[in-house]
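A short worksheet on the structure shown next.
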Amino acid sequence: MTSYLLNAEGRLHERADRVAIESHLSSGDFFWLDLHAPTEEDFAVLRDVFKFHPLAIEDSETFGQRPKIDDYNDFVFIVFFGASPPPDEDRLVEVHLFYSDRFLVTVRQDEAPACDAVRERYSKRPSPVARPIVILYKLLDALTDSFFPALEDLDERIDQLQDAMIAGPTDAQLNEIFDMRRRLIYLRRAVSPQRDLMAGLVTGVQELPDMDVEAERHFRDIYDHLIRVSDMIDSYRDLLTSAMDVYLSTVSNRLNVEMKRLTIIATIALPMIVISGFFGQNFAFLVRNINGAASFIGLGIAMPLALFVLLVVYMRRKHIL
């Protein structure tokens, strides 16, 4: 477990213990507590020190939820998603947030570069936190923007796959297409309800502590970014469908080429098979007519070659070769 505590002056304290948390909570000054890979002891702090509602504690311990906002009067519980770095399989990080005008507590299991970036921004240049909702906005904005690099990597990989499939389709490429489609489904399941959640905030359907008109403008910017992410996901799903069509078309074309080659070989071999079969069934003809090198070369070699040349000329005129 790793815990970071950012106080109202913008100063960062690593590995905040229970005593430090109780001290900041009793002071009444705003602070941000970030819990990465929390233990049972950390959840005990949330339960005994912060005295969060049991349902909120239960939700914070359970990962794999949909984005949502639950209001508990003195605080709100938020489930929000961002993108995580490789080698995370689904490229998603789920962040649980307890937010009020006195504190922000984030709980997560995976690496979250967005959380690290906001925290490092204050640690490098300590500055007082202007308003509690500013920290919340910056964190949600960073989590939302973290989708863009992940989707750009996906876009670049799709282009590479399409070029590679034209050069030579393989089963590994088809498996990768299905893997990326599955990854996009995971992203869509997170982004679509997250976009609707943010729409509720900017339209006033849901309220946050310390929310005002200026804060709504900032959250509207997050909503706009989520719309762009959602549109990009839909576009890349279409691109993967096109890539699948390219793969199937390339495989079909290559199969047709191979069938054409086999047909040509069979057609060229046909007269030779007929001639050899004729002579094989007419041994008396061979005894009477093949009586020297000239007749052997003429009937056994020259005639099949002549038929081969005639077939090639015929196929070229018919644009088969």
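Take the stretch 206-220 and flag every residue that is open to solvent by 60 Å² or more (accessible area, probe 1.4 Å) and either under 16 Å from Thr144 (Cβ atoms) or part of a helix (DSSP H, G or I) (or both).
Val213, Glu214, Arg217, His218, Arg220
Would you pick out the residues in the stretch 56-77 that are open to solvent by less than 20 Å² (accessible area, probe 1.4 Å) and either charged (D, E, K, R) or touching a residue at least 40 places away in the same chain (Cβ under 8 Å) (or both)?
Within the stretch 56-77, the first condition is being open to solvent by less than 20 Å² (accessible area, probe 1.4 Å), and the residues that meet it are 56-57, 60, 67, 75-77.
Correct list: Ala56, Ser60, Pro67, Phe75, Val76.
The values are calculated or read from the model by the stated rules, or taken from the named source; none is laboratory data. Predicted, not measured: the structure shown is a model, and the values here were computed from it. All Cβ positions, glycine included, derive from the backbone under ideal geometry; neighbour counts span all protein chains shown. Remember, those area values only see protein heavy atoms, side chains included, never the ligands or the DNA or RNA. Shrake-Rupley method; radii C 1.70, N 1.55, O 1.52, S 1.80 Å.
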